[in-house]
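Note sheet for the following structure.
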Amino acid sequence: MYASYTGPQVLCRHLIARSSSSLTDGETRITQVLKVKFPQASSLKVVDISGGCGAMYEIHIESDEFRGKRTVQQHQLVNQALKDEIKDMHGLCIFTDVPRK
């Protein structure tokens, strides 16, 4: 028997239902690592998009440390910062930006 695809709406309902103030252990751990590695970050958000099992995360980070770097270089910096955590993941979506002056 084949599993049916339920679509992104199921994921969205799960994310909306979860309180923004309650982070999973994985979200907390990744946030702490990124705060240490990017102390100039003006904005940082980590979301477990795997339904809470820690297999896939979405990261939004805005930092002056990315200024003058191409997007691929910015993402490489994030990947390097999370090299130990990435070993246990199936996927990672990274969104980086530089603060507007």
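First check a/c for the stretch 51-98, with a ≥ b ≥ c the square roots of the eigenvalues of its C-alpha gyration tensor; if it is under 1.5, answer rounded, and if not, answer prolate when a/b is larger than b/c or oblate otherwise. Each step should come with its number before you reach the end.
Numbers: a/c = 2.89, a/b = 1.96, b/c = 1.47.
Prolate.
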Inset, instruction - Mind grabbing the accessible area of residue 95 for me, 1.4 Å probe, Å², rounded to tens? - result: 100 Å²
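Regarding the stretch 22-77, what's the average projected area of the Cα-atom convex hull, expressed in nm²? Walk me through the numbers before you get to the answer.
On the way: hull surface 15.9 nm².
So the Cα hull casts an average projection of 4.0 nm².
The values are calculated or read from the model by the stated rules, or taken from the named source; none is laboratory data. Here the structure is a predicted model, which means the values were calculated and not measured. SASA here: full protein model, heavy atoms, side chains in, ligands and nucleic acids out. Shrake-Rupley method; radii C 1.70, N 1.55, O 1.52, S 1.80 Å.
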